[in-house]
Amino acid sequence: SKAVTSSGARSGMALVMEPDTGKILAMANYPTFNPNSYFRYSQNELRNRAVVDSFEPGSTFKTFLIAAALEERLVRPTDTFSCENGSYSFAGHTIHDTHSYGRLSVSDILKYSSNIGAAKIGFRLGDERLARYLRKFGFGERTGIDLPGESPGKIRDKQRWYGVDLATI
């Protein structure tokens, strides 16, 4: 509740998971409600956001991209990529990093969360393989948690990806 109120957010949630199994050990949502008078709340206020809502994964997706490229032996942790000093244009689009990086190793691309480095790894992996690995990692599917209303998330079919999607995913 402190994090939500101090940041001016409308809501927040926290999950504690067992990393080896994915087992949920604890789950909390804020704001909360009194289950003894649930009828005073709207459906929106009663929903378990941690289960029902889907989220843009942002930079956490880089982990899965790099894991797929490593598994396919397309990169090694020590391979380096030019991160174009923070701005990379291709096919009429420009990708930026938050800092100007020159060459970064695959490990540092993950460490510094380089969008440009990740895009270049994504180009090497290709859309067919990336789409296959996203499915293998379980994106776009329900986990089967024993709670109602779980969202499967949203992964667009590869056939509907645009030219920039491989880089941004």
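Residue by residue, here is whether (1) within 15 Å of Ser59 (Cβ to Cβ); (2) out of contact with any Cys (no Cβ under 9 Å at 6 or more places or on another chain) holds:
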{"site": "Ile95", "(1), (2)": "yes, yes"}
{"site": "Asn115", "(1), (2)": "yes, no"}
{"site": "Asp127", "(1), (2)": "no, yes"}
{"site": "Arg142", "(1), (2)": "no, yes"}
{"site": "Leu147", "(1), (2)": "no, yes"}
{"site": "Ile155", "(1), (2)": "no, yes"}
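Residue count for segment 76-92 under the criterion of being loosely packed, with under 13 Cβ neighbours inside 10 Å and of a type in the set (D, E, K, R): the result is 1. Condition (residue is part of a helix (DSSP H, G or I) and either in contact with a Phe, Trp or Tyr (Cβ under 6 Å, 6 or more places away or on another chain) or surrounded by 10 or more Cβ atoms within 10 Å (Cβ to Cβ) (or both)) applied to segment 25-35: is it met by at least one residue? No: zero hits.
Per this entry, Arg47 is counted among residues that are open to solvent by less than 90 Å² (accessible area, probe 1.4 Å) and of a type in the set (Lys, Arg). A single entry from Ile121, Ile169 fulfils the requirement of being of a type outside the set (Phe, Trp, Tyr), at pLDDT 95 or above and within 25 Å of Ser89 (Cβ to Cβ): Ile121.
Applying the set (1) surrounded by fewer than 11 Cβ atoms within 10 Å (Cβ to Cβ); (2) in contact (Cβ under 8 Å) with a residue 60 or more places away in the chain to Asp146 leaves exactly one unmet item: (2). Each residue in segment 104-138 was checked for being without any contact (Cβ under 8 Å) to a residue 60 or more places away in the chain, out of contact with any Pro (no Cβ under 6 Å at 6 or more places or on another chain) and open to solvent by less than 70 Å² (accessible area, probe 1.4 Å), and 18 of them qualify. Residue pairs whose Cβ atoms lie under 8 Å apart, sitting 6 or more positions apart in sequence or on different chains, and linking a residue in segment 38-59 that is touching a residue at least 60 places away in the same chain (Cβ under 8 Å) and outside any helix (DSSP H, G or I) to a partner that is open to solvent by 50 Å² or more (accessible area, probe 1.4 Å) and aliphatic (A, V, I, L, M), are Asn48/Met27; Asn48/Leu147. Selection over segment 95-118 of residues that are within 13 Å of Thr168 (Cβ to Cβ) and at pLDDT 95 or above gives a count of 4.
Summed over segment 1-24, the residues that are outside any strand (DSSP E or B) and among the hydrophobic types (A, V, I, L, M, F, W, C) give a count of 3. Scanning segment 1-24 for residues that are surrounded by 10 or more Cβ atoms within 10 Å (Cβ to Cβ), farther than 22 Å from Leu46 by Cα and either without any contact (Cβ under 8 Å) to a residue 12 or more places away in the chain or among the basic types (Lys, Arg) (or both) turns up Met17, Lys23.
The values are calculated or read from the model by the stated rules, or taken from the named source; none is laboratory data. All values derive from a computational prediction rather than experimental measurement. Positions of Cβ are backbone-derived with ideal geometry, glycine not excepted, and every protein chain shown enters the neighbour counts. In case anyone asks, the SASA skips ligands and DNA or RNA and just uses the protein heavy atoms, side chains included. Shrake-Rupley method; radii C 1.70, N 1.55, O 1.52, S 1.80 Å.
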